[in-house]
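I have placed the structure first, in the form of structure tokens, so that the comments after it can refer back to it.
The values are calculated or read from the model by the stated rules, or taken from the named source; none is laboratory data. This structure is a prediction, so every number in the text was calculated from the model and none was measured. Cβ: placed from backbone, ideal geometry, glycine included. Neighbour counts: every protein chain shown. Just the protein is used for accessible areas: all its heavy atoms, side chains included, with ligands, DNA and RNA removed. Shrake-Rupley method; radii C 1.70, N 1.55, O 1.52, S 1.80 Å.
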Amino acid sequence: MNILDEAFELKEYMVEQRNYFHSHPELGLQEFNTCNHIEEELNKARIKNRRVAGTNVIAEIDSGRPGKTLFLRADIDALPIQDAKDVPYKSQTAGVMHACGHDGHAAYLLGAAKLILKHKNEFSGKVIFAFQAAEEIGKGARDIIAAGELDNVDRTFGIHFGSGMKVGTYGIKTGPDMASCDRWKIKIHGKAAHITTPQNGSDSLFIGALIATQLQTVVSRLISPVEGGLIGTGRFDAGTTYNIIPGEAELEGTIRAFSAESRKKMADAVTKIAQNIAAEYGASVDVDIEDICDPLVNPTEAVNEVINSARKIIKNENILNNIEKRFMADNFADYSRKAPGTYVHVGSSDGPATSVAHHNEYFDLAEDSYSYAAALAVQYTLDYLC
């Protein structure tokens, strides 16, 4: 029996786990019930585990023989979305839903852990399983790193289910895969005045509009069109009524980049543009830029290792290595600060119901996708730690 067959033998277990998580979603840094359930399952399987920084669960299988250490990660948090599906496993928490597949990530990694334990005598070294909190809000990963959980890790591995990909396919690419993420906030301090006497005020709304417009020129002028980048404004608050020039305004948005150099260029430009425009019209600004996560870049050597493992599970033509990089972000990237790794997109669509975009109220996963994800994690573990 090959690893994929073994993973399908555990399909019912993984479906049960995924449906439990889907029915009981929790937002980032609030995943206490989720962690309790994960720990219960790990304890049943007699897999050593511990809690880190509140809502992260770290499990470990040590072969008892010296060797390398592989770190497998699944994120576990949900989103503030109302579940609109009419299914038995519909979210039981109003306004909270697993709309990005993290419930499936937790389920597949529980299945993979059971299989890796079964094959414990076939590898050397150690496997660490990270059930990570709060990926959607850019937290969790750095808490795990700060706790020292990656200090002796040689490789990292993570997956994300892809609603635009058919079940039975893996998207594995070298180089930039997903962008960095920074959240910027600009507070404008102007001067209120009656709208008929603009000369007596400093119009924070007008200044904010100029800033939002000017930021759209940054990428086209500072970043190579081959690499690409993004600066977006998602929130603009100003004013209280129709005939008063507002003295205060606030904008909030994001910066996305595929390299540290471009990331810094864009962050510096956001600050400079805001300061210069505000000063020109008699106002001042506070600019805050929050580093949420690094660009996700897959190194060639690690990718080739995973591809070789994938070829033992699926046909070569179902390994997609030409997928486009995307401006979404995932703080799996932060683990690369400690150890190189590969981030794989696992197909999770088998029809219209499972082809809905991520972060949508109808989002769902094909049940077979959990077995394909688990099989790749297990096969890669056995190959890398052989």
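Annotation note: Cβ proximity below 8 Å between a residue of region 223-235 that is closer than 14 Å to A267 by Cβ and in contact (Cβ under 8 Å) with a residue 60 or more places away in the chain and a residue that is in a strand (DSSP E or B) and aliphatic (A, V, I, L, M) (sequence gap 6+ or interchain) occurs for L230/I255; L230/A257. Open to solvent by less than 50 Å² (accessible area, probe 1.4 Å), more than 27 Å from V303 (Cβ to Cβ) and in contact with a helix residue (DSSP H, G or I) (Cβ under 9 Å, 6 or more places away or on another chain): is that true of L215 in this structure? In short, yes. In region 361-376, the residues that are more than 20 Å from S23 (Cβ to Cβ) and free of Cβ contacts under 8 Å to residues at least 60 places away in the same chain never reach a residue that is assigned to a loop (DSSP other than H, G, I, E, B) and open to solvent by 10 Å² or more (accessible area, probe 1.4 Å) with C-beta atoms less than 7 angstrom apart, at least six apart or across chains. A count restricted to region 1-34 and to residues that are surrounded by 19 or more Cβ atoms within 10 Å (Cβ to Cβ) and hydroxyl-bearing (S, T, Y) stands at 1. For region 84-92, state whether one or more residues are small (G, A, S), open to solvent by 10 Å² or more (accessible area, probe 1.4 Å) and in a loop (DSSP other than H, G, I, E, B). The answer is yes; a qualifying residue exists. Just one of the listed residues (S163, S124) is under 25 Å from R65 (Cα atoms) and small (G, A, S), and it is S124.
If you check E149 against the conditions, is it part of a loop (DSSP other than H, G, I, E, B) and open to solvent by 10 Å² or more (accessible area, probe 1.4 Å)?
yes
Looking only at region 232-289, residues that are among the basic types (K, R), surrounded by fewer than 19 Cβ atoms within 10 Å (Cβ to Cβ) and not in a helix (DSSP H, G or I) come to 1 in all. A search for C-beta distances below 6 Å between a residue of region 1-26 that is in contact (Cβ under 8 Å) with a residue 40 or more places away in the chain and any residue that is assigned to a loop (DSSP other than H, G, I, E, B) and open to solvent by 30 Å² or more (accessible area, probe 1.4 Å), counting only pairs 6+ apart in sequence or on different chains, returns V15/E367; N19/Y89; H22/Y89; S23/Y89; S23/Q92; P25/T93.
Counting the residues of region 341-363 that are over 17 Å from the mean Cα position of the chain (by Cα) and outside any helix (DSSP H, G or I) gives 7. Being in contact (Cβ under 8 Å) with a residue 24 or more places away in the chain and over 29 Å from the mean Cα position of the chain (by Cα) holds for only one residue in A260, A278, and it is A278. Would you point out the residue of region 365-386, among those that are open to solvent by 10 Å² or more (accessible area, probe 1.4 Å) and not in a helix (DSSP H, G or I), that is modelled with the lowest pLDDT? So, considering only residues that are open to solvent by 10 Å² or more (accessible area, probe 1.4 Å) and not in a helix (DSSP H, G or I), the one modelled with the lowest pLDDT is C386. Out of curiosity, is G64 over 21 Å from the mean Cα position of the chain (by Cα) and assigned to a loop (DSSP other than H, G, I, E, B)? Judged against the criteria, G64 is a match.
Of everything in region 39-61 that is outside any strand (DSSP E or B) and either modelled with pLDDT under 95 or among the basic types (K, R) (or both), the residue that is surrounded by the fewest Cβ atoms within 10 Å (Cβ to Cβ) is R46. With the condition kept exactly as written, say whether any residue in region 304-317 is basic (K, R), under 18 Å from the mean Cα position of the chain (by Cα) and open to solvent by 10 Å² or more (accessible area, probe 1.4 Å). Checked against the condition, which is being basic (K, R), under 18 Å from the mean Cα position of the chain (by Cα) and open to solvent by 10 Å² or more (accessible area, probe 1.4 Å), region 304-317 yields no hits at all. For region 308-339, the set of residues classified as over 30 Å from G232 (Cα atoms), in contact with a strand residue (DSSP E or B) (Cβ under 6 Å, 6 or more places away or on another chain) and either of a type in the set (F, W, Y) or in a helix (DSSP H, G or I) (or both) consists of A310 only.
Results for (1) modelled with pLDDT of 95 or more; (2) surrounded by fewer than 20 Cβ atoms within 10 Å (Cβ to Cβ); (3) not in a loop (DSSP other than H, G, I, E, B), shown as yes or no for each residue.
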site	(1), (2), (3)
I81	yes, yes, no
G95	yes, yes, no
A99	yes, no, no
A112	yes, no, yes
N121	yes, yes, yes
